[in-house]
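Worksheet: the structure to be examined is printed underneath.
The values are calculated or read from the model by the stated rules, or taken from the named source; none is laboratory data. Fair warning: this is a prediction, and the values are worked out from it, not measured in the lab. Here the Cβ is made from the backbone with ideal geometry for all residues, glycine too, and neighbour counts use every protein chain on show.
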Amino acid sequence: MAATLTQTPPQTQTEYRVRAQVEPIRALANQVVSNVERVIIGKHREVELALIALLCQGHVLIEDVPGVGKTMLARAFAKSLGCTFRRIQFTPDMLPTDVTGTSIFNQQTREFEFRPGPIIAQVVLTDEINRATPKTQSALLEAMEERQITVDGVTYAMPVPFLVLATQNPIEYEGTFPLPEAQLDRFMMRIHLGYPNAQEEVQMLESQQRVHPIEQLRQVIGAQELIQAQQAIREVYVDRLIKEYIVAIVEATRRHPDVYLGASPRGSLALVKTTQAKAAIRGRDFVSPDDVKELTDATLAHRLILSPAARLKKIDARGIVNEIVNSVPVPGARVR
């Protein structure tokens, strides 16, 4: 197993300078996480992962069985941010124009007028995204990557910021369609919530006895604050050794015998950006190897396509990613 990198703490003056730079991001993150945790109980790591993706202008895929709070997590984030919000409930009979909008002929002006769809908003919740057909799912591709949509040959820019929070049930459930590989790759992170423990579930029952906490949730930051934080995170320092470490992990996914198609360069970019956000909300203006290790699973596992033999053996992509992380040497350390 690779050894971990030991870092010496910075001097007092340098430490003060670092904290002064990242303290606004850290304070913003604490505000949002605390507010969301009023609704989502016992899932601090998952809430933090979703916030990291939002701070990196990335989209989040929340995948798990029904009833564990996927939609509530997305709604809680939407209410915590000062952004316009739209919800799209995906169904098998939905058409692409139901997402992007369409042009309608106005008989008074004798011209076609564009009626925007629900995708044109700052925060978009696409609930149960894998219940729509792949044709409808593909309507999100241009919006998620290029932050624009094209309808009848005319291009419309998406508002800033633009964030997609998607929920889906596992594809083994009835009435679902697997997401196309190109769309999976556009999600910066995939998050699994899982069941709460007994104590957390009792606390959940007590908190919802009279009124659901989501109804009392209030906005804690504004859209402009979020945009400023997204821009500030880009200044977090990433050493070249860290970048080489990330590329080595991504390349290992492409060479693994159980993987048919490894992570793309978009996965490398996602891992760099998320580690910058992780470092900032921890009060650091530099990325460490531990940041990479903590975020590799959430940013890379959903991008891997396993070989047919691996699928027959029930091999999990998350297990492969963890195996790769444990085998790739950490920069600046010696492997025993």
Seminar exercise, completed: For region 234-257 the number of residues that are small (Gly, Ala, Ser) and exposed (fewer than 13 other Cβ atoms within 10 Å of the Cβ) is 0
Exercise. Residues of region 240-280 being among the acidic types (Asp, Glu) and in contact (Cβ under 8 Å) with a residue 60 or more places away in the chain, which ones?
Worked result: Glu244, Asp258
Problem set entry | All positions within region 27-55 that are part of a loop (DSSP other than H, G, I, E, B) and either crowded, with 23+ Cβ neighbours inside 10 Å or free of Cβ contacts under 8 Å to residues at least 24 places away in the same chain (or both) | Glu37, Val39, Ile40
Exercise. Just checking, how many residues over region 39-88 are among the polar types (S, T, N, Q) and closer than 24 Å to Asp291 by Cα?
Worked result: 1
Problem set entry | Residues being in contact (Cβ under 8 Å) with a residue 60 or more places away in the chain and not in a loop (DSSP other than H, G, I, E, B) - total across region 287-322 | 11
For this session: Consider Lys314 carefully, then state whether it is charged (D, E, K, R) and more than 24 Å from the chain's Cα centre (by Cα).
Result: yes
For this session: Filter region 151-190 down to the residues that are aromatic (Phe, Trp, Tyr) and modelled with pLDDT under 85, then identify the one that is farthest from Arg131 (Cα to Cα).
Result: Tyr173
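Each row is one residue, and each column tells you yes or no for (1) of a type outside the set (Ser, Thr, Tyr); (2) loosely packed, with under 14 Cβ neighbours inside 10 Å; (3) within 29 Å of Phe162 (Cβ to Cβ).
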site	(1), (2), (3)
Ala223	yes, no, yes
Ala232	yes, no, yes
Val259	yes, no, no
Ser268	no, no, yes
Asp285	yes, no, yes
Val292	yes, no, yes
Problem set entry | Test: residue in region 172-189 that is touching a helix residue (DSSP H, G or I) at 6+ places or on another chain (Cβ under 7 Å), in a helix (DSSP H, G or I), among the small types (Gly, Ala, Ser) and assigned by TED's automatic domain parsing to the domain that holds His59 | yes
Problem set entry | Matching residues, region 118-159, being without any contact (Cβ under 8 Å) to a residue 12 or more places away in the chain, assigned to a helix (DSSP H, G or I) and either surrounded by 14 or more Cβ atoms within 10 Å (Cβ to Cβ) or at positive phi (or both) | Glu142
